[in-house]
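The values are calculated or read from the model by the stated rules, or taken from the named source; none is laboratory data. The structure presented is a predicted model; accordingly, all values stated were derived computationally and were not measured. As a convention, Cβ positions derive from the backbone with ideal geometry for all residues, glycine included, and neighbour counts pool all protein chains shown. Just so you know, the surface numbers come from the protein's heavy atoms only, side chains and all, with ligands and any DNA or RNA stripped out. Shrake-Rupley method; radii C 1.70, N 1.55, O 1.52, S 1.80 Å.
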Amino acid sequence: MINKLIGTLFVLHVFIMTGCTNANDEDEPLYIAAASDLYHALTEAGEEFTNETGIPLEFTFGSTGLITQQINEGAPYDLFLAAHESYIDELIEQEAILVDSKHYYAIGRNVLMYEEENLLSESGQEQQYLLSDEIGTIAIANPEHAPYGKAAKETLESWGIWEQIDEKLVYAENIRQAYQYVESGNADVGMVALALVSDTDYEYQLIDETTHEPIIQALGIPAVSSKQEESQQFIEYLTGKRGQEILVEYGFDLP
């Protein structure tokens, strides 16, 4: 109920904001909704794109599932970068995303993030490490609406410890919040996106991608967008040589 209320208030806010500035539509930015794992990569890519094209961008980062709900409710985004293609497919079925606008742009990777003093010596010891008494809290994004959280759950199930660590789990609204839980000391360990740990003093270990379904990320243009041509320009940039280089720099695999 709270999440739906927040989503509804956001939609109203954006409608009011865009409605008050229609007279200067050419100066309006592209409103881009994006999964939280893209925070660092899109910040850099967006600055470069705007410098090259003069097209301003305004990002809203959040849980893929909750953004999907907002778009279904009519939020006037111009582009949606989801953390998993299934959400774009869902919106295409609902005719909320233009069917021909779907593009793959990256494959995400999960890592186990922890403080240096809790050093995990080598791969293969993750199960014992998470079950140990020194680990009291483990942050993951909510598997119900966050693809990285779903992947984390699948990994923990693959390791055979999901039920054993149930009381240690702390659910974050999105993957960036899971990262912040560890950074702030509110969690001992986090299963977070590799793309978020590039600029951190914390230790991390890449999670074997065979322990979960691939995090295949896709984007699409909402049907309500009035700036489809500009959105296509950003898609071409992000899926082009330079955009893909930036994504790789932040730990994404290429689709």
Point to revise | Out of Leu219, Leu156, sole residue that is modelled with pLDDT of 95 or more, over 23 Å from Leu81 (Cβ atoms) and of a type in the set (A, V, I, L, M) | key: Leu156
Practice item. Please find, among Gly54, Gly65, Gly7, the residue that is modelled with pLDDT of 95 or more and surrounded by 15 or more Cβ atoms within 10 Å (Cβ to Cβ). Key: Gly65
Review point. For region 68-107, what are the residues that are of a type in the set (Phe, Trp, Tyr) and farther than 22 Å from Pro143 by Cβ?
Key: Tyr77, Tyr104, Tyr105
Check your understanding: When the residues of region 74-103 are filtered to those that are open to solvent by less than 20 Å² (accessible area, probe 1.4 Å) and of a type in the set (Phe, Trp, Tyr), which remaining residue is nearest to Ala178 (Cα to Cα)?
Key -> Phe80
Review point. Taking strands (runs of 3 or more DSSP E) that fall entirely within region 181-255, which contain at least 1 residues that are surrounded by 15 or more Cβ atoms within 10 Å (Cβ to Cβ) and β-branched (Val, Ile, Thr)?
Key: 189-193, 215-220
Exercise for review: Consider Ile71 carefully, then state whether it is at pLDDT 95 or above and surrounded by 24 or more Cβ atoms within 10 Å (Cβ to Cβ).
Suggested key: yes
Check your understanding: Quick one: Gln125 ticks every box in (1) over 14 Å from the mean Cα position of the chain (by Cα); (2) modelled with pLDDT of 95 or more bar one, so which box is it?
Key -> (2)
Study note, to complete from the structure: When region 133-176 is checked residue by residue, the ones that are touching a residue at least 60 places away in the same chain (Cβ under 8 Å) and surrounded by fewer than 20 Cβ atoms within 10 Å (Cβ to Cβ) are Glu144, Glu173
Revision key, fill the gap. Residues of region 143-157 being part of a helix (DSSP H, G or I) and either touching a Ser or Thr at 6+ places or on another chain (Cβ under 9 Å) or farther than 14 Å from Thr211 by Cβ (or both), in sequence order, are Pro147, Tyr148, Gly149, Ala151, Glu154, Thr155, Leu156, Glu157
Check your understanding: Which of (1) among the small types (Gly, Ala, Ser); (2) in contact with a His (Cβ under 7 Å, 6 or more places away or on another chain); (3) modelled with pLDDT of 95 or more does Ala139 not meet, given it meets every other one?
Key -> (2)
Review point. Taking region 149-170, which residues are in contact with an Asp or Glu (Cβ under 9 Å, 6 or more places away or on another chain) and within 22 Å of Leu66 (Cβ to Cβ)?
Key: Lys150, Ala151, Glu154
Exercise for review: Quick one: in region 38-58, of everything that is under 20 Å from the mean Cα position of the chain (by Cα) and without any contact (Cβ under 8 Å) to a residue 60 or more places away in the chain, which residue is farthest from Arg242 (Cα to Cα)?
Suggested key: Glu58
**Study point:** Filter pass, Glu95 being modelled with pLDDT of 95 or more and out of contact with any helix residue (DSSP H, G or I) (no Cβ under 9 Å at 6 or more places or on another chain)
**Key:** yes
